[in-house]
There are 2 protein chains.
Amino acid sequence: MTADQVSRDGAVTAGAAVLVEALGRGLPGYRIVVDPGVLGALSHDEAEWAPAGQAAAAVRARSEAEVQHVVRTCARLGAPIVPRGAGTGLSGGANAVSGCVILDLSQMNQVLEIDPDNLLAVVQPGAVNNDVKAAVAEHGLWYPPDPASAPWSTIGGNVATNAGGLCCLKYGVTRDYVLGLRAVTGGPVAYGEAVRLGRRTSKGVAGLDLVGLFVGSEGTLGVVTEATLRLRPALAGTPRTIVAAFADLVTSGQAVAQITRRGLTPAVLELLDRACLEAVEEWKHLGIEADAAALLLARVDTPGDSGAAEAGAIAATMRDAGALWVEQSTDDAEAEALFDARRLAYPALERLGPVLTEDVCVARSKVPAMLEQVSAIAARYGVQIATIAHAGDGNLHPLIITPPGDEAARTAAQAAFGELLDVAIALGGTVTGEHGVGLLKRDGMHRELDPGALVLQSAVRRTLDPLEIFNPGKG
Amino acid sequence: MTADQVSRDGAVTAGAAVLVEALGRGLPGYRIVVDPGVLGALSHDEAEWAPAGQAAAAVRARSEAEVQHVVRTCARLGAPIVPRGAGTGLSGGANAVSGCVILDLSQMNQVLEIDPDNLLAVVQPGAVNNDVKAAVAEHGLWYPPDPASAPWSTIGGNVATNAGGLCCLKYGVTRDYVLGLRAVTGGPVAYGEAVRLGRRTSKGVAGLDLVGLFVGSEGTLGVVTEATLRLRPALAGTPRTIVAAFADLVTSGQAVAQITRRGLTPAVLELLDRACLEAVEEWKHLGIEADAAALLLARVDTPGDSGAAEAGAIAATMRDAGALWVEQSTDDAEAEALFDARRLAYPALERLGPVLTEDVCVARSKVPAMLEQVSAIAARYGVQIATIAHAGDGNLHPLIITPPGDEAARTAAQAAFGELLDVAIALGGTVTGEHGVGLLKRDGMHRELDPGALVLQSAVRRTLDPLEIFNPGKG
């Protein structure tokens, strides 16, 4: 059965029936979902603007053996496989393609091993990021990658997108914390074969870095069934928070550039503009006064006098860059309210209408220029753009908000989206810092990357998945 | 011309003459080396035990265009290309294969750009590691990867092997510092095409991580002609050194395991055994008394009171683990003598006879067991093994030393080498932590990796180099 043989109207066609029957030969029936309502809910992530096709079925896998059965069956029948975890992605990477089997890994959610002697954990792909954090914290350990979706998103999804987050400025991204993987692959080995990639040691150079290749590959090379994660010792001491307000976005960007230039590395350096703060306050009443165009929110986790010196230097830099006011705090409650606002910004803005999420990343010195363009493009297209940013990384999330049902606004938003990608590329940046290419940034990726690099990456994909069944059309 | 058409006796055969003539059509003649003495010197790295074939010629390339010409010519004539930098490798990765063109990149040694605003540098592959460090230090910046070969080894070689060093315990390995590459590739694009991989931003997920794939690929995927390196702000303050002596190797290993278990992360945690210390002292007269079976050498670079607390905790842990004595020092001269001893250990031991270098890496908790096996295997085979180790990473370098000309000892050493690899694998470790597979660890790699992973990596290589001309038989 090819994808085209499945109708788009939601009915289970003859081809889909064959597929479901074949899946059922190696799985308990209650693992297989064909109910159109449930299938529909499993057929998209949170990228509201990305199209989703009609899936033939979904499988809620509970073991690697079940994943192997799904991959073998789909390979035999030529059906695409779309793996998914919690579906919190923002680029449509987990959206169904026509005739696919959605492979829901969220029930493979166990933390299999925590090794405090060697600072590692072995987890299943459906384990939720914050659950892993909590489990390892009981052993005095820390898993740093912290996408804003951490309360819901799974390690498998984090691995697929090479998820970032707030603390990657100082502590790196998901790829930096994946030592090994198990994956059900295809191509050069038989489809459905499980392979062990990587290692448990802190260093190792035996063979090509296939683990790094799988991280960020958005499910296009195989299905990850287990991850060995590098951990850090839990941080000691209370972090210090520095908050600064700015009269305009560009000045806040200049403060970010200046912090980098002075060699300061806060653990977190986030930007929230007035639109974000207002949306959160209106929803949650945290008591935040949005009295400025932008806030910068820095966190320093270095303990002792060095931490105090670092926080002081960051505050001074913000003042020198023209902040309206700067406050340092070690008061957990006040700081937490601001970090809550940061985490709640996306859902708060979603309440106002469909959100088209940018994820551009530019060099730190280009942050002011990028922010200037965000404002200019918003004005030019007459669209509302609220900006949150992992500013210290140069990773900006301008969020384009459209009134529900306003088609003209959607068209304008789409045009603004494309132009923001062009500006990021022209500034030497990337179209996606951490959300992944998915469906939303494929054109942008083609504009960004060297044509030769695109040819090489397509060749690698075709080699590892000659049938093109692993999440085709994504990444 | 195939490799087989070139004779192994050092004369330029008819096939080699054709190759040299073709190379000369796009290069000044003085870039091409055919003199057997010079060719011989360029035909091997420092892995004394690895075999080297007879090269047809060497080219001292000065530009990417010249590299492209060499790759096109070799692709047309079917000649292997063996890239090399300074030839300081320890696994034979830069050794000539029969009929090859040695592509010497050591003259492409420029630091092209230093960007202090964005913490990056762009360098040519022949730039020496320490020269890059010195150049960026003038801007208050730091390039951390510090293999013991840093005074001589090149960034291209460091990239090819994903070189580690002393400070990777806290600061990571070469792969963590490579943002982008230019490489002359083949396969899916035309042989000789230069492609740009990666990015200049601190984060980015557009496309597969081909940069990470090239790092550590030992020249088997193409020839790197430029690297964009991530930098850190230079460290402030004077580091603290902690030295501890142990009555036996295993106890020192227990101290290492205990340091990890207590969540302590020194910047450096090195082990030197008595044989190493004696060899250095005999050669350099640094005034080191080798009064113990092993020394542990830790460095803490955290500034201020946190640094003092960290150093104190490390010293206490060493005492608790049973050190004979522990000393803390901020006296540069004394500490530097010990770090000099660490850096000089390898050449000091080479003076005693041919050295067969292990590079096994095990989980930190397995360091005592691995050290116990090193002693047992030395006794069983009657060979001298001196051990230096990046102990904090679990990366051990047992160095097997044989008296010059003693064939029986060489045979015993070879057997001991193989058994050490087996032990590392049995302990869940890897046969190579940082030196690369080259020629010496190919069997070990095949024993270590999952058979499926080996199939996948061969398939990726064949895809990117279907003619198998990029450093064939290595890695």
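The values are calculated or read from the model by the stated rules, or taken from the named source; none is laboratory data. Just so we're clear, the structure is a prediction, and the values are computed from it rather than from any experiment. Counting neighbours? That spans all protein chains shown, and the Cβs are built from the backbone with ideal geometry, glycine included.
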(request) Being crowded, with 24+ Cβ neighbours inside 10 Å, in contact (Cβ under 8 Å) with a residue 12 or more places away in the chain and more than 22 Å from A:LEU344 (Cβ to Cβ) narrows it down to one of A:THR228, A:THR260, so name that one. (result) A:THR260
(request) Only residues that are within 14 Å of chain B (Cβ to nearest Cβ) and among the hydrophobic types (A, V, I, L, M, F, W, C): list them for segment A:111-133, please. (result) A:ILE114, A:LEU119, A:LEU120, A:ALA121, A:VAL122
(request) Inspect all residues belonging to segment B:414-427 and state whether any of them is under 30 Å from B:ARG76 (Cα atoms) and either surrounded by fewer than 18 Cβ atoms within 10 Å (Cβ to Cβ) or β-branched (Val, Ile, Thr) (or both). (result) no
(message) For segment A:276-286, check the following and say yes or no: at least one residue is assigned to a helix (DSSP H, G or I), in contact with a Lys or Arg (Cβ under 7 Å, 6 or more places away or on another chain) and farther than 24 Å from A:SER149 by Cβ.
(response) no
(request) Report yes if some residue within segment A:53-64 is under 24 Å from A:VAL189 (Cβ atoms), in contact with a strand residue (DSSP E or B) (Cβ under 9 Å, 6 or more places away or on another chain) and assigned to a helix (DSSP H, G or I); otherwise report no. (result) yes
(request) Kindly list the number of the only condition in (1) of a type in the set (S, T, N, Q); (2) under 29 Å from the mean Cα position of the chain (by Cα); (3) surrounded by fewer than 21 Cβ atoms within 10 Å (Cβ to Cβ) that fails for B:GLN328. (result) (2)
(message) Which residue is nearest to A:LEU271 (Cα to Cα), if the candidates are limited to segment A:148-169 and must be under 10 Å from the mean Cα position of the chain (by Cα) and within 12 Å of another protein chain (Cβ to nearest Cβ)?
(response) A:GLY165
(message) For B:VAL136, only one of the following conditions fails: (1) assigned to a loop (DSSP other than H, G, I, E, B); (2) at pLDDT 95 or above; (3) touching a strand residue (DSSP E or B) at 6+ places or on another chain (Cβ under 9 Å); (4) within 14 Å of another protein chain (Cβ to nearest Cβ). What is its number?
(response) (1)
(request) Those residues that are outside any helix (DSSP H, G or I), more than 7 Å from chain B (Cβ to nearest Cβ) and within 27 Å of A:SER365 (Cα to Cα), I need them from segment A:442-475; list them, please. (result) none
(request) Mind counting the residues in segment A:425-441 that are more than 7 Å from every other protein chain (Cβ to nearest Cβ) and β-branched (Val, Ile, Thr)? (result) 1
(request) Identify the residue in segment A:285-334 that is more than 30 Å from B:ASP301 (Cα to Cα) and among the charged types (D, E, K, R) and, among all such residues, is nearest to the other protein chains (Cβ to nearest Cβ). (result) A:GLU334
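Conditions (1) in contact with a Ser or Thr (Cβ under 6 Å, 6 or more places away or on another chain); (2) surrounded by fewer than 20 Cβ atoms within 10 Å (Cβ to Cβ), marked per residue:
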site: A:LYS366; (1), (2): no, no
site: A:MET370; (1), (2): no, no
site: A:SER375; (1), (2): no, yes
site: A:HIS390; (1), (2): no, no
site: A:VAL455; (1), (2): no, yes
site: A:LEU467; (1), (2): no, yes
site: A:ASN471; (1), (2): yes, no
site: A:GLY475; (1), (2): yes, no
(message) farther than 28 Å from B:PRO451 by Cβ and touching a residue at least 12 places away in the same chain (Cβ under 8 Å): which single residue out of A:GLY164, A:GLY216 fits that description?
(response) A:GLY164
(message) If I ask for residues that are of a type in the set (A, V, I, L, M) and not in a loop (DSSP other than H, G, I, E, B), which ones from segment A:139-167 would you list?
(response) A:LEU141, A:ILE155, A:VAL159, A:ALA160
(request) Test B:ARG175 against the stated conditions and say whether it is among the charged types (D, E, K, R) and not in a strand (DSSP E or B). (result) yes
(message) Of the conditions (1) more than 27 Å from A:ALA160 (Cβ to Cβ); (2) modelled with pLDDT of 95 or more, B:THR174 satisfies every one except a single condition; which number is it?
(response) (1)
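Taking segment A:69-87 as the search range and keeping residues that are assigned to a loop (DSSP other than H, G, I, E, B) and buried (at least 24 other Cβ atoms within 10 Å of the Cβ), which one is farthest from the chain's Cα centre (by Cα)?
A:ALA79
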(request) Among the residues of segment A:419-436, write down those that are assigned to a helix (DSSP H, G or I) and touching a residue at least 40 places away in the same chain (Cβ under 8 Å). (result) A:GLU419, A:LEU420, A:LEU421, A:VAL423, A:ALA424
(request) Would you kindly identify the strands (runs of 3 or more DSSP E) lying entirely within segment A:184-265 that contain at least 3 residues that are more than 9 Å from chain B (Cβ to nearest Cβ)? (result) A:223-230, A:240-246
(request) Please work out which one of (1) more than 12 Å from every other protein chain (Cβ to nearest Cβ); (2) in contact (Cβ under 8 Å) with a residue 24 or more places away in the chain; (3) assigned to a helix (DSSP H, G or I); (4) out of contact with any Phe, Trp or Tyr (no Cβ under 7 Å at 6 or more places or on another chain) is the condition B:ALA408 fails and give its number. (result) (2)
(message) Among the listed residues B:GLU350, B:GLU358, identify the single one that is within 14 Å of another protein chain (Cβ to nearest Cβ) and within 30 Å of B:ALA413 (Cα to Cα).
(response) B:GLU358
